[in-house]
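Novice: Sharing a structure here in structure tokens format.
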Amino acid sequence: MKVYAINGSPRKNKNTATLLQKTLDGVKYSAKDKELETEIINLYDLNYTGCKSCFACKRLEGKSYGKCAVKDDIYEILEKLSQADGIIFGTPVYLGNITGQLQSFLERLIFPYLVYDKNYSTIAPKKMPTAFIYTMNVPEEIMEKMNYLSTFNGMESAIEHIFTKPQVMYSNDTYQFDDYSKYKADAFSEEKKAAHRKIQFPLDCEKAFEIGANLIK
Ligand SMILES: Cc1cc2nc3c(=O)[nH]c(=O)nc-3n(C[C@H](O)[C@H](O)[C@H](O)COP(=O)(O)O)c2cc1C
């Protein structure tokens, strides 16, 4: 069995990556002695674009029907993910949305499996369990007030349609810099941020672990 975490942050050891690792730890814990491999895919290490609208994935009797035909750094990764036993997506929120890198990746992952028939049916070879982790600067109240959730829901619905309904978690009020005093950041109270980091972030890590532990039933 193989479970993948897709890191949509350019940073490999900050908020999003840490929570993704905790989720994979939860997956491994719940798998106990079952043979299970996990892998983090760091999208910002890879050279690729979003969908190029070539429609090879929809061409009748075409050799790429139902698959993305674009041969770049994620070609093989998309192939591997088609047989995954679980996928966890993680992203920082950039300008109220998932990162551009993750958006481009999801276009390539999802669109080939979406059939242009009357029901927009799906031909994904496997309906694996999924999860979606968001990390962001704003506190929970502002995330709700600014309608972030309806933006996130769009992509979650697409993932549900193609694979399965994702388990979702938000990590709010994240610590952005190692040393706030070195940056122009007087919009925030470093003291409050540090306290949140100390108290809430470990709880978020526990939640991420639980999501992983519940991923594969
Ligand atoms: C380009 C950019 C745009 C951002 N936009 C938002 C935003 O719209 N809302 C928000 O709450 N946080 C925003 N943030 C903050 C990040 O989402 C937050 O710090 C996140 O936890 C960083 O994740 P990482 O540590 O895994 O990189 C932004 C950060 C950057 C670099």
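Novice: Touching a His at 6+ places or on another chain (Cβ under 6 Å) and either under 26 Å from D72 (Cβ atoms) or open to solvent by less than 70 Å² (accessible area, probe 1.4 Å) (or both): does that describe D173?
Specialist: Spelling it out, D173 is indeed touching a His at 6+ places or on another chain (Cβ under 6 Å) and either under 26 Å from D72 (Cβ atoms) or open to solvent by less than 70 Å² (accessible area, probe 1.4 Å) (or both).
Novice: Further, regarding this structure: Which members of the range 1-23 meet the condition of being of a type in the set (V, I, T) and either part of a helix (DSSP H, G or I) or open to solvent by 10 Å² or more (accessible area, probe 1.4 Å) (or both)?
Specialist: Those that are of a type in the set (V, I, T) and either part of a helix (DSSP H, G or I) or open to solvent by 10 Å² or more (accessible area, probe 1.4 Å) (or both): T16, T18, T23.
Novice: Being over 24 Å from the mean Cα position of the chain (by Cα) and either open to solvent by less than 40 Å² (accessible area, probe 1.4 Å) or of a type in the set (F, W, Y) (or both) narrows it down to one of G62, G26, so name that one.
Specialist: G62
Novice: Look through the range 29-39, keep the residues that are crowded, with 17+ Cβ neighbours inside 10 Å and within 20 Å of I77 (Cβ to Cβ), and return whichever of them is nearest to the ligand (Cβ to nearest atom).
Specialist: Top of the filtered list is T38.
Novice: Only residues that are in contact (Cβ under 8 Å) with a residue 60 or more places away in the chain and within 16 Å of the ligand (Cβ to nearest atom): list them for the range 132-187, please.
Specialist: I133, T135, M169, S171, T174, Y175
Novice: Step by step: first the residues of the range 86-126, then only those that are open to solvent by 10 Å² or more (accessible area, probe 1.4 Å) and aromatic (F, W, Y), then the one that is farthest from the ligand (Cβ to nearest atom). Which residue is that?
Specialist: Y116
Novice: Right, something else. Going through the range 93-147 one residue at a time, which ones are assigned to a strand (DSSP E or B) and within 20 Å of T16 (Cβ to Cβ)?
Specialist: Of everything in the range 93-147, those that are assigned to a strand (DSSP E or B) and within 20 Å of T16 (Cβ to Cβ) turn out to be Y94, N97, T130, A131, F132, I133, Y134, T135.
Novice: Now for a different question. Scan (1) in contact with a Lys or Arg (Cβ under 8 Å, 6 or more places away or on another chain); (2) away from the ligand (no atom under 16 Å from the Cβ) for the single condition N42 breaks and write down its number.
Specialist: Looking at each condition in turn, N42 falls short on (2).
Condition check ((1) farther than 23 Å from N15 by Cβ; (2) touching a Phe, Trp or Tyr at 6+ places or on another chain (Cβ under 8 Å)) across all residues:
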position: E39; (1), (2): no, yes
position: N42; (1), (2): no, no
position: C57; (1), (2): yes, yes
position: K63; (1), (2): yes, no
position: D73; (1), (2): yes, yes
position: I98; (1), (2): no, yes
position: F105; (1), (2): no, yes
position: F111; (1), (2): yes, no
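Novice: Only residues in the range 50-76 that are farther than 15 Å from I110 by Cα and in contact (Cβ under 8 Å) with a residue 24 or more places away in the chain count as the first member; pair them with residues that are open to solvent by 80 Å² or more (accessible area, probe 1.4 Å) and of a type in the set (D, E), Cβ under 8 angstrom, at least 6 apart or cross-chain, and list the lot.
Specialist: Here the result reads none, with nothing in the range 50-76 linked to a residue that is open to solvent by 80 Å² or more (accessible area, probe 1.4 Å) and of a type in the set (D, E).
Novice: Filter the range 127-165 for residues that are open to solvent by 60 Å² or more (accessible area, probe 1.4 Å) and in contact with a helix residue (DSSP H, G or I) (Cβ under 9 Å, 6 or more places away or on another chain) and give the result.
Specialist: K127, I142, H161, K165
The values are calculated or read from the model by the stated rules, or taken from the named source; none is laboratory data. Just so it is clear, the structure is predicted and the values come from calculations on it, not from any experiment. For neighbour counting, all protein chains shown are included, and Cβ atoms are generated from backbone atoms with ideal geometry for every residue, glycine included. Side chains are part of the model used for accessible areas, which takes the heavy atoms of the whole protein and leaves out ligands, DNA and RNA. Shrake-Rupley method; radii C 1.70, N 1.55, O 1.52, S 1.80 Å.
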